[in-house]
Each structure stands twice: as C-alpha cells, then as structure tokens.
Amino acid sequence: MRHCPRCGAQTGDLPAVCPACGYAAFLNPRPTATVVIVRDGHFLAILRSLEPRAGWWDLPGGFCDGFEHPADAAVREAREELGVTVELGEFAGMYIGSYDFQGERLPVLECFWIATITGGEITLDPLEGSEYAWLPLSDPPEMAFPNQDVVLRDPLVRGSSVRLVP
C-alpha cells in the first residue's frame with residue numbers, strides 16, 4: 001500500500017499511519033481453514049488446479065470469508081472442493097505462512113483440523129483440483145504449502161483414529 005485507503009494521501013509500506021488523516025493500516029494475516037482427512041495411515045490430498053503452486057498436492061481448505069469462523073470455513077471448503085460433508089475432530093494446529101496472490105506475498109494464519117467425511121461422495125471441483133489421492137502419512141510428498149508438511153508430521157495427525165465414513 002502506498003496510499004491511504006481512506007483519503008488517498010501517500011503513506012508508504014505497511015504498517016503505516018496516514019500523515020494526512022491519521023488512518024492506521026496494518027498488514028495482518030488472512031485466516032485460512034484446512035481439513036486433514038486421515039484413513040488407515042493415509043491422508044486425502046488434492047492436486048491443485050490453481051496458482052499458486054498448480055500441480056502440487058494440497059490439503060482441502062481455503063480462505064475464511066469475512067467474519068466467518070475458521071471451523072465453519074473448514075467445513076465449507078471441504079464441501080466446495082470435495083463435494084462432501086465433514087465433521088471436524090481435533091484441532092491440529094495454527095501456523096503463520098504466506099500466500100502469493102496478484103503479485104503480492106500475503107501473510108496467512110493457517111488453521112488445521114482433523115476431519116471425518118460424514119456424507120456424500122468425493123467429487124472434485126475441477127477449478128480447485130484435477131485429481132485426488134490417499135497418500136501415505138509415513139512418506140508424504142512435498143505439499144503445496146510448507147505448513148502442510150509440518151502438520152502432516154504432527155503426532156496428533158499421524159496417530160489419528162479418524163476414519164472415513166462410507
């Protein structure tokens with residue numbers, strides 16, 4: 001940001017206080033919500049269709065809408081990306097990361113839950129992913145975003161007794 005969103009005066013990089021009107025602008029992380037669906041020592045991953053990191057394995061999730069609780073966003077994202085209903089289990093962690101969008105590197109606050117599929121058949125949204133697979137927790141591939149690699153190594157996730165409901 002180089003100009004105040006309130007009055008248009010020149011401000012510089014964030015964080016910044018506008019010298020003309022006093023408006024304070026910050027670069028706060030955007031919250032995301034992600035589900036880790038685990039079954040028999042494997043986790044469900046989607047091959048990304050979208051940039052950034054198209055063609056990389058990803059966990060189902062995305063950005064929270066304005067004033068949406070991250071837990072609600074996790075359930076919504078699973079429905080949108082996989083076509084299924086999920087029930088959230090244990091909270092698996094929260095991490096600071098980054099996301100490249102429109103030529104900017106944005107800070108994100110990534111929230112992860114272990115989840116169970118409780119309804120529906122997996123039907124990918126082709127805009128989100130080109131395929132899905134159950135990948136081994138014991139030897140996961142490098143994921144699209146570094147904090148996904150971290151959460152997949154977490155003992156809580158690796159020891160999860162969450163199972164896919166047929």
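The values are calculated or read from the model by the stated rules, or taken from the named source; none is laboratory data. Only a predicted model underlies this, so the values are computations on that prediction, with no experimental measurement involved. Because the Cβ atoms are built from the backbone with ideal geometry, glycine has one as well, and the counts that use them run over all protein chains shown.
Side notes on the structure shown:
- Only a single item in (1) farther than 20 Å from A33 by Cα; (2) in contact with a helix residue (DSSP H, G or I) (Cβ under 7 Å, 6 or more places away or on another chain) is not met by V157, and it is number (1).
- Of everything in the stretch 95-111 that is touching a residue at least 12 places away in the same chain (Cβ under 8 Å) and within 24 Å of S130 (Cβ to Cβ), the residue that is surrounded by the fewest Cβ atoms within 10 Å (Cβ to Cβ) is D100.
- Inter-residue pairs, beta-carbon under 6 Å, first in contact (Cβ under 8 Å) with a residue 60 or more places away in the chain and in the stretch 25-38, second among the charged types (D, E, K, R) and in a strand (DSSP E or B), 6+ apart: T32/E110
- Filtered by the rule that a residue be of a type outside the set (S, T, Y) and either over 25 Å from V108 (Cα atoms) or at pLDDT below 95 (or both), the stretch 138-152 gives a lone residue, D139.
- Taken over the stretch 127-143, the criterion of being in contact with a strand residue (DSSP E or B) (Cβ under 9 Å, 6 or more places away or on another chain), over 14 Å from V36 (Cβ atoms) and not hydroxyl-bearing (S, T, Y) is satisfied by E128, G129, E131, A133, P141, E142.
- Scanning the stretch 109-122 for residues that are within 15 Å of I37 (Cα to Cα) and either outside any strand (DSSP E or B) or out of contact with any Leu (no Cβ under 8 Å at 6 or more places or on another chain) (or both) yields a count of 6.
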